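Before we start, here is the structure in question, set down as structure tokens.
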There are 2 protein chains.
Amino acid sequence: MTDAPLSLRERKKRATRAALSEAALRLAAEHGAEHVTVEAISDAVGVSPRTFFNYFDSRDDAFTMIDAESAQRVRDAVMAAPPAVSALDAVTGALADELAQLGARQDVWALHAEVLRRSPDLLARTMGAHMADELELAAAIARRVGARRDGAARDGAARDGASPDLYPHLLAAAAGTAVRVSVEHWSRHAGEEPLPAVFRGACAHLAAGLPDPPTGA
Amino acid sequence: MTDAPLSLRERKKRATRAALSEAALRLAAEHGAEHVTVEAISDAVGVSPRTFFNYFDSRDDAFTMIDAESAQRVRDAVMAAPPAVSALDAVTGALADELAQLGARQDVWALHAEVLRRSPDLLARTMGAHMADELELAAAIARRVGARRDGAARDGAARDGASPDLYPHLLAAAAGTAVRVSVEHWSRHAGEEPLPAVFRGACAHLAAGLPDPPTGA
DNA sequence: TCACGCGTTGCAGTGTATGAAAATCTGGAG
DNA sequence: CTCCAGATTTTCATACACTGCAACGCGTGA
């Protein structure tokens, strides 16, 4: 699948990108992100500052774009889930799988969390990027939902008066919210509970309709 | 209520800020946000570029920070709601009120929506700012639910292991999600349905636990 | 009116980001 | 081995974003 014969060129490109990203994270964790210049990152890797911008559209991207393909994997998983599975379960399942496999690059993500904790600007930017992903996830959900009830009405297209495409966007956004809140909570209580478990708990709350605080009712 | 006797200085300051914000929005809607320089905005208002940065920490803030006090009003409303009202209802009610009164500056918000539609960067930034608001809203919710059950630690979700403050954050985030999705949906289908109605619908979906695609309703 | 406080302005300097052309490298063809 | 074609990196130039500093001018209260 990902075993295309990587040319030397491609390998060097990926190495450079990874080196830039890691250097940025390391320097930011040490000195604070706002005091890390593009020049410093480039020097640490041994390339020119101009090259940095060949890999990242902005300085902050080096801090925020850790795994660019993650969103695509989730979308593919959602689309590939068996038709018997509800859209809600397909989305939560795909996200849970992704979060579970996140432990692999644990060192990098720990740095990432440390950097975000120290600079709210970057945290906001990261969340904003996640929201952009949500819009594409919503499109995937819409295709899935549309395919599931294609049997009866073939015209299909929106004439539903009130909410033709509200549900996919809402589900995607809610799922993103669950991920975000879970990660925040998880990083606040440094690893008391495994991330997937926290995520499942958040999804349970949401699926129950946010009934009420742990008090009665 | 908020009619403290504004000094001439204060009035001028607010006028300048509003003028800068409006000019920024108008220029961005016309030429695209990325082609609008600080100098252009300042010239349109008749102040120096340096003064612009006395009002906004960054150029993008002029596009995104339309109403800085909105979040504060929502927090106050949540805290002021009668104890008999559930936290969920208090939050949704406060947000619905805020959204209802949003029609007042409708022209400004229409410009805002147009700008965000054309530049995803700013949309991401806006969402990030909303998320920062959500954290403070979560704190307000935590105080509220904490006050309601003073001392009596009860069962409920406490058996999820470690979830002392997951619920407030989740509720705040879900509420923010409902607002965001509603506004997006509302601006996509330019005003077919009043925004508060869309918001109520989104909340209904969430309160029902995202059951499944809306097959008919 | 006068002086003080506060906001505004010009200026210098740092850092981000982009386009273009020159220099360098990679993967092959002859 | 040599040389070429395409891709990548670098150098150079330029525009814009943003910040501290010092001077200036207008509201504000005595």
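Values quoted throughout were computed directly from the atomic coordinates according to the rules given, and no laboratory measurement underlies them. Here the structure is a predicted model, which is why all the values come from computation and not from measurement. Note: ideal-geometry Cβ built from the backbone for every residue, glycine included; neighbour counts use all protein chains shown.
Taking each label point as 7 Å beyond Cα in the direction of the beta carbon, state the distances from A:Ala84 to the same residue in the other copies, shortest first, in nm.
4.9
May I ask for the net charge around A:Glu98, where only other residues with Cβ less than 12 Å from the Cβ of A:Glu98 are counted and Lys, Arg are +1 while Asp, Glu are -1?
-3
Moving to a separate point now. Is there a simple number for the mean count of other chain Cβ atoms within 10 Å of the Cβ of residues in A:122-128, and what is it?
Per-residue shielding by partner chains comes out at 6.
Cβ neighbours within 10 Å, averaged per peptide: list A:50-62, B:119-131 in order, most packed at the top.
Those peptides, ordered most packed to least, come out B:119-131, A:50-62.
I need the inter-copy label distances for B:His189: point set 7 Å along Cα to C-beta, values in nm with one decimal, smallest first.
Result, one decimal in nm: 4.0.
With a ≥ b ≥ c the root eigenvalues of the C-alpha gyration tensor of region A:76-149, is it rounded (a/c under 1.5), prolate (a/b larger than b/c) or oblate?
Here region A:76-149 falls in the oblate category.
Residue-wise, which Karplus ³J(HN,Hα) couplings in Hz belong to region B:129-138, taking 6.51 cos²θ - 1.76 cosθ + 1.60, θ = phi - 60°, and x for glycine or proline?
5, 4, 5, 4, 4, 4, 4, 6, 5, 4
With +1 on each Lys and Arg Cβ and -1 on each Asp and Glu Cβ, how big is the dipole of region B:70-207 about its Cα centre, in debye rounded to the nearest 20?
160
Would you mind listing the distances between the A:Lys13 label point and the same position in each other copy? Use 7 Å along Cα-to-C-beta, nm, one decimal, shortest first.
List, nearest first: 5.2 nm.
A further question follows. Averaged over peptide A:168-181, how many Cβ atoms belonging to another chain are found within 10 Å of each residue's Cβ?
6
Would you please put A:68-78, B:174-184 in order of how densely packed they are, using the mean number of other Cβ atoms within 10 angstrom per residue and starting with the highest?
Ranked by mean Cβ neighbours within 10 Å, highest first: B:174-184, A:68-78.
What is region B:8-62's relative contact order, in percent, from Cα pairs under 8 angstrom and six or more apart in sequence?
Relative contact order comes out at 32 percent.
Please give me the summed charge of the neighbours of B:Ser187: other residues whose Cβ is under 14 Å from its Cβ, Lys and Arg +1, Asp and Glu -1.
So the environment of B:Ser187 carries a net charge of -2.
Can you check what the net charge comes to around B:Met65, using other residues whose Cβ is under 13 Å from the Cβ of B:Met65 (Lys, Arg +1; Asp, Glu -1)?
Neighbourhood net charge equals -4.
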